[in-house]
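Visitor: First the structure, which I've put down as structure tokens, then a few questions once you've had a look.
The values are calculated or read from the model by the stated rules, or taken from the named source; none is laboratory data. Predicted, not measured: the structure shown is a model, and the values here were computed from it. Virtual Cβ from ideal backbone geometry, glycine too; neighbours counted across all protein chains shown. Just so you know, the surface numbers come from the protein's heavy atoms only, side chains and all, with ligands and any DNA or RNA stripped out. Shrake-Rupley method; radii C 1.70, N 1.55, O 1.52, S 1.80 Å.
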Amino acid sequence: MPKKIAFGDNAAKEFSYPKNSLIITTTTHEIYSKWLEYIGITNYEIYDKVTPDPAIEAVEAIKKEYEGKNISAYIGLGGGSSMDVCKYLGKLTGIPKILIPTTFGTGAEMTTYAVISFEHRKKLLQDEAFLADAAIVDPYFLPGTPFNIMRNSACDAASQASEGYDSKLANPLTKLFCREAFEILEDAIVNDKPNLLPYGAMLSGIGFGNSSTTLGHALSYVFSNEGVPHGYALSSCTTVAHKFNRSVYYERFKRICQKLKFEPLKLKQPLDQAADVIMPDRGHLDNNPIPVTKQDIIKCLSEIVNGNPLE
Ligand SMILES: [Zn+2]
């Protein structure tokens with residue numbers, strides 16, 4: 001996990017930022033100008049042209065634009081895309097990176113993962129060099145989050161915590177983080193305490209980031225490829241995966257999804273074809289607690305699209 005973690009109310013405000021940092025964000029001037037005022041940063045450059053699902057060309061363009069400008073640190077301020085760009089830039093240049101999530105769910109500020117597109121295909125990359133030098137988790141950013149983003153992020157965090165707990169790579173320490181993350185996220189969602197989400201998501205990031213997600217995430221990408229948001233796709237996919245794995249979290253995860261009122265998913269491509277896309281995803285499937293065959297995947301997909309797994 002990052003060497004330095006600043007967490008809690010006013011964490012982003014009280015942090016002392018290095019001079020001549022480059023802030024990277026996906027959001028609009030109207031929104032980030034308020035954020036910058038809050039965090040009280042002076043003496044910085046800002047790059048606000050990052051688009052969601054960033055491509056490697058975008059990362060290289062930023063690197064080129066700021067070469068020779070003595071940037072002391074990158075500050076990723078925003079959702080996953082801003083942080084992913086920072087992570088990759090940091091790997092390319094060796095410049096330190098500070099990550100400040102404003103939507104809470106992926107726990108990306110804690111992990112060695114980054115998602116970058118190469119030739120229009122999203123790729124999940126893992127590298128120790130992606131790890132933040134400092135992560136700042138401040139619930140200040142939570143209230144402005146639209147309900148749909150909040151709901152999808154909360155589902156992603158709960159899914160990561162519970163899949164990470166069951167993962168074959170889990171050890172007693174990662175299980176400790178995943179278990180605590182799930183308890184907090186469940187309390188936040190079921191008992192309407194959204195201010196607990198940032199802490200739950202952060203712990204989830206530390207837990208799953210050191211053990212990996214499994215079948216639920218593997219199943220979800222065929223839905224993401226057809227435009228379903230990541231967290232939304234996980235509602236049904238992780239529920240069905242937990243049932244398949246006989247996870248201790250099956251009923252509790254389903255209850256979270258019911259509370260968040262997710263609808264069943266649809267898939268345009270035939271299940272057999274989708275299973276062929278999922279099977280090579282060894283990064284997720286090999287870490288699943290029990291072996292998964294192509295037939296198992298077809299059965300899970302059928303339960304997702306033909307039944308109502310959240311009922
Ligand atoms: Zn996820």
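Visitor: Could you grab me the full set of residues in segment 204-255 that are within 17 Å of R282 (Cβ to Cβ) and open to solvent by 40 Å² or more (accessible area, probe 1.4 Å)?
Guide: Y221
Visitor: Further, regarding this structure: Just one of (1) over 27 Å from K254 (Cβ atoms); (2) in contact with a helix residue (DSSP H, G or I) (Cβ under 7 Å, 6 or more places away or on another chain); (3) not in a loop (DSSP other than H, G, I, E, B) trips up A158, so point out which.
Guide: (1)
So that you can scan it fast, the table gives a plain yes or no per residue for (1) open to solvent by 80 Å² or more (accessible area, probe 1.4 Å); (2) in a loop (DSSP other than H, G, I, E, B):
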| position | (1), (2) |
| --- | --- |
| E263 | yes, yes |
| L267 | no, yes |
| Q273 | yes, no |
| P280 | yes, yes |
| H284 | no, no |
| P289 | no, yes |
| V292 | no, yes |
| I297 | no, no |
| C300 | no, no |
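Visitor: Now a separate question. Given the criterion open to solvent by 20 Å² or more (accessible area, probe 1.4 Å) and either over 23 Å from I206 (Cβ atoms) or not basic (K, R) (or both), identify the matching residue among Y32, Y44.
Guide: Y44
Visitor: Say we look at segment 111-148 and pick out the residues that are within 14 Å of the ligand (Cβ to nearest atom) and more than 10 Å from the chain's Cα centre (by Cα); which of these is modelled with the highest pLDDT?
Guide: Top of the filtered list is Q126.
Visitor: Go through G207, G231, G283 for me and flag whichever is modelled with pLDDT of 95 or more and under 25 Å from L131 (Cα atoms).
Guide: G207
Visitor: Do any helices (runs of 4 or more DSSP H) lying entirely in segment 1-85 carry at least 2 residues that are touching a helix residue (DSSP H, G or I) at 6+ places or on another chain (Cβ under 8 Å) and within 30 Å of R121 (Cβ to Cβ), and which ones are they?
Guide: It comes to 56-65.
Visitor: Now a separate question. For G94, which of the numbered conditions (1) more than 16 Å from the ligand (Cβ to nearest atom); (2) under 10 Å from the mean Cα position of the chain (by Cα) fails to hold?
Guide: That leaves (2) as the condition not met.
Visitor: Search segment 214-227 for residues that are in contact (Cβ under 8 Å) with a residue 24 or more places away in the chain and more than 13 Å from the ligand (Cβ to nearest atom) and pair each with any residue that is open to solvent by 10 Å² or more (accessible area, probe 1.4 Å) and assigned to a helix (DSSP H, G or I) when their beta-carbon atoms are under 6 Å apart and the residues are at least 6 apart or on different chains.
Guide: Close Cβ pairs (under 6 Å, with a partner that is open to solvent by 10 Å² or more (accessible area, probe 1.4 Å) and assigned to a helix (DSSP H, G or I)) amount to V222/V277.
Visitor: Of all residues being in contact (Cβ under 8 Å) with a residue 24 or more places away in the chain, hydrophobic (A, V, I, L, M, F, W, C) and over 22 Å from H230 (Cα atoms) in segment 60-81, which is surrounded by the most Cβ atoms within 10 Å (Cβ to Cβ)? Just the residue, please.
Guide: I75
Visitor: Working only within segment 97-107, note down all residues that are open to solvent by less than 10 Å² (accessible area, probe 1.4 Å) and within 9 Å of the chain's Cα centre (by Cα).
Guide: G105, G107
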